[in-house]
Amino acid sequence: MANINTMLNPLRSGLILLLFLMTGSATAADDNIQLLSSIRPLQMLVYELVGNDINHSTVLNAQQSPHHVQLKPSQRQRLQHASTVYWYGAELEPVMAAILSGDQSLQSRAIDLHPDTPDLEHDHDDHHHEHHINVHYWLDRGNVLKAARAISDNIATTLPEKANVLTGKLQELSKHLQEMEKLLESELETARAKSYLDLHDAWELLAKDFNLPAFSSIDHQALEFAGAKTVLNLRREIASGKFDCIIASPETNLRLVNNLVENSNAKVVLLNALGNDLNNESGFTDFLIHNIRKLAAC
């Protein structure tokens, strides 16, 4: 028996070494993949699909806006080293579009997740432009699933061994999004009974998706440069009780907001459309739940 064990020991060692090398090779391959999302909502979507199994991060930091941003040298360097860059198109991210247009290599690694046929044109009220297109695409669940499918397909092409896991995660995400009305039934009932004025013009897609009927919005830049007459008329509307809740964003001039809601019963809620108020382990469903609950609590 001792002789047999002596003979088998080298075989066992070889098998252990082979398994170690195979595991190490798979890990090394995954470590070489660097997924980069232009904005946090896309990164949260990647997190829903791959967790921490693949390296992924966001280009912009919490203080930067995709509408107008000057990337730091370190951020540009991360773009150059990324295996794939997910972004949401030129209308939302003109700076990213300019960077891509001058770099063929980066263009070949960039995945534009702009919806092909977005249902984004709305005519709400006097605060809206007639043919306004809202570029906050991720606040509509249909657009989110389109983006998630494209991301899943892209990762599966690079790492085919993860295809089955990605399919399962995509189905799980789809189920969570579809069941959100049931999960947040009481919060949505409360939110649907309230009237909102969005001063950042970001949340109308979510309002339409979740059927918040009394929802109006105004572009925050238009508000910033509004004349005294416009501000006065808006103050009168708010004072009249037309709006229960005023939605502000990190970019909103809060001193102006306080001026608008003075002598009214309207409450102010601060929402971050980029999800920068959530922790690093948050997925996209966490982001939606968090903001719907804040709307209901306003």
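Taking a ≥ b ≥ c as the square roots of the Cα gyration tensor eigenvalues, with a/c under 1.5 meaning rounded and otherwise prolate when a/b beats b/c, else oblate, which class fits region 30-178? Cα axes put region 30-178 in the oblate bin. Taken about its Cα centre, region 164-298 carries a charge dipole of roughly 400 debye when the Cβ of each Lys and Arg holds +1 and the Cβ of each Asp and Glu holds -1. Dipole of region 30-178 computed with +1 at Lys/Arg Cβ and -1 at Asp/Glu Cβ about the Cα centre; of Ile155, Gln63, Ile33, farthest Cα towards the positive end is Ile33. Using a cut-off of 31 Å between Cα atoms, the listed pairs Lys72/Lys208; Lys175/Lys208; Lys169/Lys242; Lys175/Lys242; Lys242/Lys294 include Lys72/Lys208; Lys169/Lys242; Lys175/Lys242 as exceeding that distance. Since only Ser108, Gln80, Met96 are under comparison, the one whose Cα sits farthest along the positive direction of the charge dipole of region 69-115, derived from C-beta charges on Lys, Arg, Asp and Glu, is Gln80. Here the Kirkwood formula, the inverse mean of 1/r across different C-alpha pairs, assigns region 133-251 a hydrodynamic radius of 16.9 Å. Approximating the spin labels as points 7 Å out from Cα along Cα→Cβ, the Ala97-to-Asn164 distance works out to 4.3 nm.
A protection proxy built from the mean count of other Cβ atoms within 10 Å ranks the segments 149-161, 171-183, most packed first, as 149-161, 171-183.
Beyond 17 Å, the tail of the calculated P(r) for region 181-297 holds 55 percent of the Cα pairs.
Each reported figure results from applying straightforward, stated rules to the coordinates on display, with no laboratory input. Since the model is a prediction, treat every value here as computed from it, not as a measurement. Note that each Cβ is placed from the backbone with ideal geometry, even for glycine, and that neighbours are counted across all protein chains shown.
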